[in-house]
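Here is the structure we will look at, set down as structure tokens.
The values are calculated or read from the model by the stated rules, or taken from the named source; none is laboratory data. Treat the numbers as computed from the prediction; the structure is a model and nothing was measured. Note that each Cβ is placed from the backbone with ideal geometry, even for glycine, and that neighbours are counted across all protein chains shown.
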Amino acid sequence: MKTPPRVLIEDWLPAAAIGVECMRERSTGQQPPDKRFHVWWARRPLTVSRAAVLGSLLPADFPRAQFEKLLGFWGTSDELVRAQAMLDRARERKLKIPNPHGERAFKHGLPEKEMRNAQRAIEKLWGRNPVVMDPMAGGGSIPLEAARLGLTAKANEYNPVACLVLEATVDFPFRFGKKLGECTRKWGAVLRERFNKRMSRFYPKTGEVPPLCYILARTVPCPDTGHMTPLLPYWHLLKPRNAGRMVMSEPVVNKSKGAWSVFIRDPWTGRHPPPPTYTGGGGTSLFSPSPILGDYIVKMAEAGKMQAAIQAVVEKANKLAFRTPVSADFEALREAERELTRQLAGWTKCNTIPSEAIPAGDKTREVLIKGMDMWSKLFTPRQLLAMGTLVEELRGLEAEIVKAEGEDLGEAVACLLAIALDKFANYNHALAKWESTSGVMKGRDRHDYAFKMQLAEMAPCNAGSGLDWAIDNAIEAYEGLAHLPKAENARPVLISLGSAASLPNDDDSSVTAVVVDPPYAGNVQYAELADFFYVWLKRTQVKRRPEWFGSYLCDKTEEAVVNLSRHRRESDKKGEAERRAHAFYQRLMTDTFREAKRVLRDDGVLTVMFTHKLQSAWAALLQSLLHVDPDSRVPEKRRFGFQITATWPVKTESELSTHLARKNAAQSTVLLICRKRPDDAETGYYGPTMEEEVRNEALSTAQRLDQEGFTNQSIKCLTWESVWCIL
């Protein structure tokens, strides 16, 4: 096979400056609209995604200054790095200085002159209409950037929830533009009005202003008295990280009546807060000195005897205010429960609320051990009533929308409203929490189903909050996507659902560049987490997308992750399930890269983004990428996949990420640039030429990283010893 011409990313990449822009993208409250649209996990920043796509297509001699402008840099890469160093020094000294940076890269328009030059250079190198594919597209950062550049892009994804997110991210904005946002805002107002008409009586205004949300405490029967007693790790309602106003709820116990309430001290000026009633997995009753053992709490949860009681009501006028619940608050809860009972039979028959069981999994175990064995049990009765009402109203409204707006636009409006419903569900469920350090509610955007002893419930019927906020927030994110700068010839991405290990709709040698951010072993259990949204999208989107939402839950049979629960057997010895799970992951990754090789042109480029700390994960990735058949001991019979021609580390993750602190994710993403290795290559896998090639590339990479000051563990995995250990 003739040696293909080198592309820009094989020779050069402004990695440090790209890292600066990635960190600016990650800034709290400043993230791009695709990250605010719908929950998806481990999305790559747009800047590094564009760099990977564009750098994989441009020739090596393309002017570097023009490439930096196409990435959206406000200055040269050196200027970006110097500006960031200035900021870092000021922060270390706790000094405030004017922001030396310009506008963030993803917001910059594409300069016309440089864009024309890039299009000519790409066409000269690859011919007309080069195709970029992401076979594991997830939330869509890579195909979104390819589409914005005016390229023909394909996005394949195994998870149906991700497919819907992709559709709304890389299809709708290019097909409908801002008109879809305007129409959705109009019909969203109708949906809110109909929902509020039915639900407002269950969220009464019992204070001076309508409630913003409710803070609740988990309760179990006291083992000695049978009275419901709270399990709280703390009693504070507001506790700023820095010095500021602190608000405390003090328990008030009436032992003769078997009841408890709270007295709210605002501000709290005491030195010793009330002792917690839950710590270390066990608890203490307000009605008895006897301890509440952890096993007892688990048994009560499994038996459905763990409940939730209102601890405080949160209001907001000029500032946050907290008050004790009154009888009308409790009666509204009881009335909501009675209304749910009246609706339950009909809703179950019409498949309005989720009756699916929660399957055993590495992450779902967190709620299964608390007795939450069905998806509907992740919601309190009032929350489930709100969700069922919303599904019922959206279903009824969809026919009116399609009749008024036409089928294509009307169904897109209904889809955006379904995304708003998902956003509402993410805050309106029994795992949402009150974040006392910042005074806000937090939904389930982490990589787990962490169970909270103190939870929060949204009050959905008030203007500017609740359902109103969820709809407006989803529409604003869509409008942000529609307004992102893009090339004049930008077009929608072609989306497909299926395993990346089998792409039957794509011909051999039909793709110019495969750019992929694969799953990182066991870091994120995508399907387990997505099931939470799937069960609701199934009830609002199955008629429009039966091929996506026709199954019981998200398909997990060929999901490329390390999930021990799917490989555990009763007869297993220690470590056997883990070995099978890793072998399963590596097989799927090998099949994925083998399929990528099939669809890729002989002179095409494969660019892989990978972020992991563990050398074992890197070994699995590299072995799959190099496409060695581990069962074959005969070098001549081993199948060859790709050869790595360049590597680039880019800092994409904040060191403050709580997920990084708990998991094996790393701060830096490593870009591996690869080319096809011929199956009939003269050099065997163990041959001296191959050994020297890998050694030289690994040593070159390590030396470059040392010079650039990279010390992250994920980068160290590319040293010679780490690469060669798998060979």
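A few remarks follow.
- Residue, farthest from ARG334 (Cα to Cα), within the stretch 291-308, restricted to residues that are of a type in the set (Gly, Ala, Ser) and surrounded by fewer than 18 Cβ atoms within 10 Å (Cβ to Cβ): GLY294
- Subset tally (residues that are assigned to a loop (DSSP other than H, G, I, E, B) and charged (D, E, K, R)) for the stretch 568-621: 7
- Condition check for THR184: touching a Leu at 6+ places or on another chain (Cβ under 9 Å), surrounded by 14 or more Cβ atoms within 10 Å (Cβ to Cβ), at pLDDT 95 or above and β-branched (Val, Ile, Thr): yes
- Index of the failed condition, ALA312 passing every other in (1) out of contact with any helix residue (DSSP H, G or I) (no Cβ under 9 Å at 6 or more places or on another chain); (2) more than 27 Å from THR206 (Cβ to Cβ); (3) at pLDDT 95 or above; (4) crowded, with 18+ Cβ neighbours inside 10 Å: (2)
- The sole residue among SER465, SER499 that is surrounded by 17 or more Cβ atoms within 10 Å (Cβ to Cβ) and at pLDDT 95 or above is SER499.
- Checking the stretch 380-401 against the condition returns a match, with at least one residue being surrounded by fewer than 24 Cβ atoms within 10 Å (Cβ to Cβ), in contact with a helix residue (DSSP H, G or I) (Cβ under 9 Å, 6 or more places away or on another chain) and not in a helix (DSSP H, G or I).
- Test for PRO14: is it touching a residue at least 60 places away in the same chain (Cβ under 8 Å), surrounded by fewer than 18 Cβ atoms within 10 Å (Cβ to Cβ) and within 18 Å of ALA646 (Cα to Cα): no
- Where ALA65 falls short, out of the listed (1) surrounded by fewer than 23 Cβ atoms within 10 Å (Cβ to Cβ); (2) of a type outside the set (Ser, Thr, Tyr); (3) touching a Phe, Trp or Tyr at 6+ places or on another chain (Cβ under 7 Å); (4) assigned to a helix (DSSP H, G or I): (3)
- Which listed residue, of ARG128, ARG120, is more than 26 Å from the chain's Cα centre (by Cα), part of a loop (DSSP other than H, G, I, E, B) and over 28 Å from ALA527 (Cα atoms): ARG128
- Candidates ARG539, ARG544, filtered to the one that is closer than 23 Å to ALA412 by Cβ, touching a Cys at 6+ places or on another chain (Cβ under 8 Å) and either of a type in the set (Lys, Arg) or in a loop (DSSP other than H, G, I, E, B) (or both): ARG544
- Exactly one residue out of LYS255, LYS239 is within 22 Å of VAL440 (Cα to Cα), touching a residue at least 24 places away in the same chain (Cβ under 8 Å) and charged (D, E, K, R), and it is LYS239.
- GLU435 meets all of the listed conditions (1) in contact with a Leu (Cβ under 9 Å, 6 or more places away or on another chain); (2) without any contact (Cβ under 8 Å) to a residue 24 or more places away in the chain; (3) not basic (Lys, Arg) but one, namely (1).
- Verdict on GLU145 being touching a residue at least 40 places away in the same chain (Cβ under 8 Å), out of contact with any Gly (no Cβ under 8 Å at 6 or more places or on another chain), crowded, with 22+ Cβ neighbours inside 10 Å and among the acidic types (Asp, Glu): yes
- Whenever a residue of the stretch 564-582 is under 20 Å from THR364 (Cα atoms) and surrounded by 15 or more Cβ atoms within 10 Å (Cβ to Cβ), its partners that are of a type in the set (Gly, Ala, Ser) and modelled with pLDDT under 85, lying with C-beta atoms within less than 7 angstrom and at least six residues away or across chains, give the pairs HIS582/ALA620.
- Among the candidates ILE97, ILE122, residue that is buried (at least 16 other Cβ atoms within 10 Å of the Cβ) and either in contact with a Gly (Cβ under 7 Å, 6 or more places away or on another chain) or among the hydrophobic types (A, V, I, L, M, F, W, C) (or both): ILE122
- If you go through the stretch 506-544 and pick out every residue that is modelled with pLDDT of 95 or more, farther than 18 Å from ASP555 by Cα and of a type in the set (S, T, N, Q), you end up with 4.
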